[in-house]
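Engineer: Supplied in structure tokens, the structure appears directly below.
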Amino acid sequence: MTALHRLAAELRDEGGILAETVVESDAATPHGDVVAAKGDSYPLLVEAIREGYLQHYGAGRVVQPDDADLALLAGDRLYALGLERLAATGDLEAVAELADVIALCAQAHAEGDPARAEAVWTAGAAAVAGGPSPDHEATKRQWRGA
């Protein structure tokens, strides 16, 4: 079962208004795939956060509400779901990294630079998977100053 299928199943099991907006998706999960070596739970957690991001700045793969306000609320819920479960693993470095991803992506979109947001996602997933590259923190400082 893919990370997106697992996410869809969990959201349906929770019930409520989001469950009514869940669809099955076979979309690619490159960010979740990158972190798979960290453990079975990591792809789901990263893709939940990615789905939250997509609710805010694009179109979801798993959650597809018709209402824009519900999409924003769904995004917040998915961010929280991923970060809460990631924190429960004890991997606080990964929590900090993905919190930075969320913040840096928000900044990039506010500044009209969605390409930078995608670069942030790629670098963030790589840092969660194998640790940050030597220049990763410097790059994040540069993005913050952009």
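Engineer: If the chain between residue 87 and residue 103 were fully stretched, how many nm would it gain, using 0.36 nm times the residue separation less the Cα-Cα distance? Let's see the in-between values first.
Structural biologist: On the way: separation 16, 0.36 × 16 = 5.76 nm, distance 1.73 nm.
The residue 87-residue 103 span can extend by a further 4.0 nm.
Engineer: Tell me, in nm to one decimal, what length is gained between residue 80 and residue 66 on full extension, where the rule is 0.36 nm per residue of separation less the Cα-Cα distance?
Structural biologist: Details: separation 14, 0.36 × 14 = 5.04 nm, distance 2.13 nm.
Length gained between residue 80 and residue 66: 2.9 nm.
Engineer: Loop-only GluC sites (Glu not before Pro) in segment 90-146, please: DSSP not H, G, I, E or B, and at most 14 other Cβ atoms within 10 Å.
Structural biologist: Here the sparse-neighbourhood loop sites are 111.
Engineer: As I understand it, the value is the acute angle between the Cα axis of helix 92-110 and the longest principal axis of the Cα atoms of the chain; what does it come to in degrees, rounded to 10?
Structural biologist: Computed tilt is about 90 degrees.
Engineer: Using only the alpha-carbon atoms, how far is helix 3-14 inclined from the longest principal axis of the chain? Give it as 0 to 90 degrees, nearest 10.
Structural biologist: On a 0 to 90 degree scale, this one is about 50.
Engineer: Output the 0 to 90 degree angle, nearest 10, between the alpha-carbon long axis of helix 41-57 and the longest principal axis computed from the alpha carbons of the chain.
Structural biologist: Orientation of helix 41-57: about 90 degrees from the principal axis.
Engineer: What's the long-distance tail for the chain, i.e. % of Cα pairs beyond 28 Å?
Structural biologist: Roughly 14 percent, once rounded to a whole number.
Engineer: Between residue 133 and residue 119, how many nm apart are label points set 7 Å from Cα along the C-beta direction?
Structural biologist: 1.1
Engineer: Less than 13 Å Cβ to Cβ from residue 4, Lys/Arg counted +1 and Asp/Glu -1: what total charge do the surrounding residues give? All intermediate terms of the calculation are to be shown ahead of the outcome.
Structural biologist: On the way: positive: 6, 12, 50, 61; negative: 10, 24, 26, 33, 47, 51.
Within the 13 Å Cβ shell, the charges total -2.
Laboratory data are not the source of any read-out in this text; all were calculated from the coordinates shown. What you are looking at is a predicted structure, and each value in this text was computed from that prediction instead of being measured. We place every Cβ from the backbone using ideal geometry, glycine too, and count neighbours over all the protein chains shown.
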